[in-house]
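Q: Following this message is one structure expressed as structure tokens.
Throughout, read-outs are computed from the coordinates displayed, never taken from laboratory work. Predicted, not measured: the structure shown is a model, and the values here were computed from it. Reconstructed Cβ throughout: ideal geometry from the backbone, glycine too, with neighbour counts over all protein chains shown.
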Number of protein chains: 2
Amino acid sequence: MMKEYRNIGFKLTPQRLAILDHLQGNKSHPTADEIYRAISKRFPTMSFATVYNTLEALKKRGMILEITIDPDKKRFDPDTTAHHHIICIRCGKVGDVPDNQSVLNMPKIGIRGFKITKWHIDFHGICKECEGSGS
Amino acid sequence: MMKEYRNIGFKLTPQRLAILDHLQGNKSHPTADEIYRAISKRFPTMSFATVYNTLEALKKRGMILEITIDPDKKRFDPDTTAHHHIICIRCGKVGDVPDNQSVLNMPKIGIRGFKITKWHIDFHGICKECEGSGS
DNA sequence: CTGGCTGCAAATCTTTTGCATCCTG
DNA sequence: CAGGATGCAAAAGATTTGCAGCCAG
């Protein structure tokens, strides 16, 4: 597994290991700032630049996805399998939506002269917690 | 038409008319900065604050949509009918994708405990111009 | 060893805000 | 007239960058 990274020209430093460890299985769709804060607790010398650099390096290599459902900041997802997202319009929490039933029967080519490479669905809704707690 | 706006508590100032005029039928999915720059040519006293305030007021009243396909900045769309978007992964241009065939047969309730209110598809691809001009 | 990575701080870019003044309805 | 809107400039956030020193491979 660490070999995987090395084979794609990704140097494994202690900082990067901490970031990878934090992202591993993380379903919270964290922002760069959330990742930085979570890690700096145990790793006080971590810097923003390293978090951003690492996220960018991972994104470039397809190891993580940058998701655009939140208009206010970039969020990252270590789950690179086909799936979509849902955001609560009250609290902003982001959840996963499986791509089962492969909802779309989209032509892979030809929409408005674009050659389509992929797509992603943003669902908007109200989560259980917010629904239960009134407006 | 101007009456429509007044009836929903939206005061029509010269600045707002210029913004509305610029957005009318605009298919470029402009950012706040693009709108500001386009208008300040002929309206030198226009300020960013007014552009942002107006976009926020229009969004709140459902007259325009804020689209999240571009991770770097907010883009706005005066077309509020059901449709989706496609962004060119090379040049960043954003196009419309009709919602015909109502591609999704999604349940309106029940995904991951969320009550779904709406959805939007981000398509990613390569536009005609970029495809033609090599890498 | 060496090129890529880190940490710091400053810079940049986008968006928001405070406030005195203005003007639409 | 009154309350909402404007313009300016400063503030606030998020993200990027320059660079000297460090360290994984």
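Q: Shortest first and in nm to one decimal, what separations exist between A:LYS115 and its copies in the other chains, measuring from label points 7 Å along the Cα-to-beta-carbon line?
A: In ascending order, 4.5 nm.
Q: What is the sum of charges around B:GLY113, taking Lys and Arg as +1, Asp and Glu as -1, for the other residues whose C-beta is under 9 Å from the C-beta of B:GLY113? Each step should come with its number before you reach the end.
A: On the way: positive: A:LYS128, B:ARG112, B:LYS115; negative: A:GLU129, A:GLU131.
Combined, the nearby Lys, Arg, Asp and Glu give +1.
Q: About its Cα centre, what dipole magnitude does segment A:5-135 give when the only charges are +1 on Lys and Arg Cβ and -1 on Asp and Glu Cβ, stated in debye to the nearest 20?
A: Details: 20 positive and 14 negative charges, 109 e Å.
Dipole size: approximately 520 debye.
Q: Using just the helices of chain A, give the 222 nm mean residue ellipticity in deg cm²/dmol: DSSP H runs with n ≥ 4 each add -39,500 (n - 2.57), and the total is spread over all residues, rounded to 500.
A: One gets -9000 deg cm²/dmol as the mean residue ellipticity at 222 nm.
Q: Would you calculate the convex hull of the Cα atoms in the protein assembly as shown and tell me its volume per residue in Å³?
A: Working: hull volume 49.3 nm³, N = 270.
Considering the Cα atoms of the protein assembly as shown, their hull volume per residue is 183 Å³.
Q: A further question on this structure: Sequence gap at least 6, Cα distance under 8 Å: using those rules, report the relative contact order of chain B to the nearest whole percent.
A: On the way: 147 pairs, mean separation 26.5, N = 135.
That works out to 20 percent.
Q: For the cross-link pairs A:LYS59/B:LYS118; A:LYS93/B:LYS128; A:LYS115/B:LYS41; B:LYS27/B:LYS118; A:LYS93/B:LYS27, which exceed 32 Å when the distance is taken from alpha carbon to alpha carbon? Don't skip to the answer; put the middle values down first.
A: Details: A:LYS59/B:LYS118 28 Å; A:LYS93/B:LYS128 36 Å; A:LYS115/B:LYS41 36 Å; B:LYS27/B:LYS118 22 Å; A:LYS93/B:LYS27 30 Å.
Exceeds cut-off: A:LYS93/B:LYS128; A:LYS115/B:LYS41.
Q: Shortest first, in nm, what separates the label point of B:THR81 from those of the same position in the other copies (7 Å along Cα→Cβ)?
A: 3.9
Q: Continuing with this model, one more query. I want the local charge near B:ILE67. Using Cβ-Cβ distances under 9 Å, sum +1 for each Lys or Arg and -1 for each Asp or Glu among the other residues.
A: Numbers: positive: B:LYS74, B:ARG75; negative: B:GLU66, B:ASP70, B:ASP77, B:ASP122.
Overall, the nearby charge balance is -2.
Q: Along Cα→Cβ at 7 Å, what distances in nm separate the B:THR45 label point from those on the other copies, shortest first?
A: Output for B:THR45: 5.7 nm, nearest copy listed first.
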